[in-house]
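See below for the structure under consideration.
The values are calculated or read from the model by the stated rules, or taken from the named source; none is laboratory data. Since this is a predicted model, take the numbers as computed values, not measurements. Heads up, the Cβs are rebuilt from the backbone with ideal geometry, glycines too, and the neighbour counts pull from every protein chain shown.
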Amino acid sequence: MKMGVSASPHLAAESAAAVATTGGIFSEWAGLMLIGPILAFLVIVLFGKRMRHQGAEVAIGAMAFNLVWSSALLLLNMGDSGVLYERSLEIASVGGGLVFELGWIVDGLSIMMYWVVAAVGLAVFIYAHGYMKGEVRVTFFFAALSLFAGSMLVLVGSPNLVQLIIGWEGVGLASYLLIGHHWELKENSSAAMKAFYTNKVADVGLVIGVIIIGITLGSFHFWDLASAAAEHSAALGPVAVAAGLLLFFGAMGKSAQFPLHIWLPDAMAGPTPVSALMHAATMVTAGIYLMARTFPLYQELATAARPWMIAAGTVTLFGMGLLALVADDIKRVLAYSTVSQLGYMMTAVAAGGYTAGLFHLFTHAFFKALLFLGAGSVIHAVHSNNMSDMGGLRRHMPDTYRTFVMGALALAGVFPLSGFWSKDEILATLGYEGYTVVMWIAVAGAFVTAFYMARAVALTFFGEFRGHGEPHESPPIMTRPLWALAVPAVLAGVVNIPGLKLPWIGNFTSWLSVRSVPMGDHHAEAIDLGLAAAGLAAAVAGLWLGWVAFGPPAADRTDRDRVEVPVLYPLLRQKYYLDHAALGLVWVIRQPAARAVNWVNDYVIDGVVNGVGALCQRLAGLLYGGVDQHGIDGVVHGLSWGTSGMGGMIRRIQSGRVQQYAGLLVAGLLLLAVVVLFVL
């Protein structure tokens with residue numbers, strides 16, 4: 001095994017003006033961030049039930065440590081310099097060429113992801129400590145939550161595709177455990193299985209794509225892949241499109257792109273803190289991260305894959321947003337919103353807007369975590385997920401109401417909140433790259449987003465309370481994380497205002513520019529006032545119409561809690577019948593698959609088992625007849641017969657007659673004399 005820093009000679013900042021440093025101890029020991037939550041998982045599993053807070057203190061402590069460490073890296077990466085570092089440990093090699101390594105990477109992209117996972121994760125963990133009070137299996141919950149965050153950090157910190165798959169599957173396992181936390185409820189266990197199997201289908205594509213790249217390049221390293229793409233490698237070229245599409249297929253599962261989005265709304269069966277972490281900083285962002293990390297492949301060699309990516313992203317951003325218009329479950333509204341926003345990110349990256357897609361991932365993490373935790377606060381108060389059981393909560397839950405509205409306006413893209421700047425960056429990228437139709441669909445998507453968020457706010461916080469009991473504000477341990485997340489939800493957009501570079505901080509674009517291989521990345525140098533106005537107008541129109549349709553007094557009328565457009569409404573209520581189609585496909589596949597498995601069982605497995613059984617029976621017969629009966633038994637019987645014969649002879653000698661004994665004595669003495677005289 002070997003361990004070393006793979007920094008030189010090709011690790012250099014993309015811009016000559018940005019002279020990257022190694023980051024010192026914070027980069028050299030950045031691997032502690034990856035293993036910290038994993039160690040917390042192990043400690044909680046082993047000792048959590050003996051702890052005062054059932055392991056919550058260990059989980060929160062690990063995330064707090066990560067936030068401090070990643071903040072140090074983020075500060076080092078700001079301004080005119082950056083951090084670029086990698087450390088890898090070789091664990092195996094194949095044929096002396098293909099090397100399998102574990103390690104960590106520190107560059108603009110990974111630092112941003114480290115910080116987002118830690119910042120959002122810490123807020124969610126603290127909130128969960130209050131939310132899960134009195135729940136079952138709290139120790140198990142915090143162990144799985146730590147595994148969830150740790151696996152995501154292993155994924156985003158990976159310097160190669162093999163380690164990425166390890167983190168990828170760890171995230172999938174943890175999500176399965178957390179979605180099905182209340183496994184005694186059938187719908188929860190079914191939702192967990194649906195998420196697991198849908199992602200496994202997509203993971204097949206990812207693994208095959210990784211194998212193709214590894215065999216073709218002789219390396220799984222991201223920087224080797226980026227270099228080969230930049231140099232238009234003759235070896236990689238013929239398989240680049242196939243590999244790119246397979247990687248994208250894997251990303252479609254994790255990032256819930258149409259039509260593999262069907263698992264994400266059902267995943268709301270898990271506790272609300274799980275939904276917040278999953279939708280904001282882990283799992284669903286993994287697919288976007290993969291596309292960003294392998295961006296040079298799509299930019300240089302797999303360009304033919306990009307139209308397919310844009311098509312899937314465009315359908316997702318608009319079509320899934322429409323589903324939020326008819327959902328009654330507040331968490332499902334936010335889930336469809338996440339799927340839609342992931343469509344924006346995927347479309348931006350596929351169109352060439354590396355920075356635009358990641359900037360929206362960055363801002364979305366804060367306002368979506370805020371919205372989910374706000375929804376959890378409401379659910380905690382009214383004991384129902386359905387907005388038809390809510391209403392009028394602004395009077396009872398002022399902190400939750402105010403922070404939820406901030407998150408809703410940021411998601412809607414209202415100026416000057418963070419969502420406005422990141423969504424405007426995407427629109428500008430689409431316009432610059434010539435995707436005019438897609439750009440206007442994205443503008444229409446902004447209208448839909450604002451409409452369903454106005455509906456959610458109106459039905460939840462306005463009108464009269466339609467539930468049972470007396471709603472109340474959540475305890476401070478749950479409301480303080482809401483205010484903490486509200487700050488970046490409002491202000492995070494300022495770090496990438498076009499044309500603005502803050503002293504000592506720089507901007508988001510400069511943070512991401514620290515990477516090993518130069519690549520083209522269009523980002524707005526100035527605000528496109530026309531597009532910005534169009535996006536803002538769409539958002540304002542959506543908010544206004546949503547308020548007109550569902551605000552007071554309509555908020556008190558449950559018959560208005562829907563958009564009853566003929567044909568469209570039933571289509572949306574049935575989720576485009578995609579769940580039915582998926583079940584039908586499973587049914588079609590299941591019968592021949594079952595017959596095939598049965599045939600293999602009867603004629604292959606049973607044949608092998610029966611053959612081995614017959615062989616063993618024959619060998620046993622040979623051993624019994626040849627060895628046991630004639631060998632072992634023969635020896636035993638021979639000894640028995642010999643002993644018996646000797647006993648018979650001795651018995652005849654022992655007659656009791658003294659004369660016979662004297663004769664034998666004389667005969668013995670004579671025999672001894674003969675031996676002494678004639679033999680010796």
Inspect all residues belonging to segment 461-474 and state whether any of them is touching a residue at least 60 places away in the same chain (Cβ under 8 Å), among the hydrophobic types (A, V, I, L, M, F, W, C) and surrounded by 20 or more Cβ atoms within 10 Å (Cβ to Cβ). yes
Sort out which residues of segment 46-60 are surrounded by 15 or more Cβ atoms within 10 Å (Cβ to Cβ) and not aliphatic (A, V, I, L, M), and write them in order of number. Gly48, His53, Gln54, Gly55, Glu57
Thr400, sole failed condition from (1) more than 28 Å from the chain's Cα centre (by Cα); (2) surrounded by 23 or more Cβ atoms within 10 Å (Cβ to Cβ); (3) of a type outside the set (Asp, Glu); (4) closer than 17 Å to Phe359 by Cα: (4)
Just one of Ser275, Ser233 is among the small types (Gly, Ala, Ser) and surrounded by fewer than 24 Cβ atoms within 10 Å (Cβ to Cβ); which is it? Ser233
Name the one entry in Ala276, Ala229, Ala269 that is assigned by TED's automatic domain parsing to the domain that holds Tyr114 and in contact with an Asp or Glu (Cβ under 8 Å, 6 or more places away or on another chain). Ala269
For the structure I just gave you, tell me whether Lys186 is within 30 Å of Thr272 (Cα to Cα) and without any contact (Cβ under 8 Å) to a residue 24 or more places away in the chain. yes
Taking Gly172, is it closer than 26 Å to Gly48 by Cβ, modelled with pLDDT under 90 and not hydrophobic (A, V, I, L, M, F, W, C)? no
Within segment 284-322, track down each residue that is touching a Lys or Arg at 6+ places or on another chain (Cβ under 6 Å) and either of a type in the set (S, T, N, Q) or touching a residue at least 60 places away in the same chain (Cβ under 8 Å) (or both). Ala286
Single match in Ala444, Ala458, Ala365, Ala369 (criterion: more than 23 Å from Leu500 (Cβ to Cβ) and under 28 Å from the mean Cα position of the chain (by Cα)): Ala369
Say whether the condition of being within 27 Å of Gly218 (Cβ to Cβ), surrounded by fewer than 24 Cβ atoms within 10 Å (Cβ to Cβ) and either modelled with pLDDT of 90 or more or not assigned by TED's automatic domain parsing to the domain that holds Ile379 (or both) is met by at least one residue in segment 109-123. yes
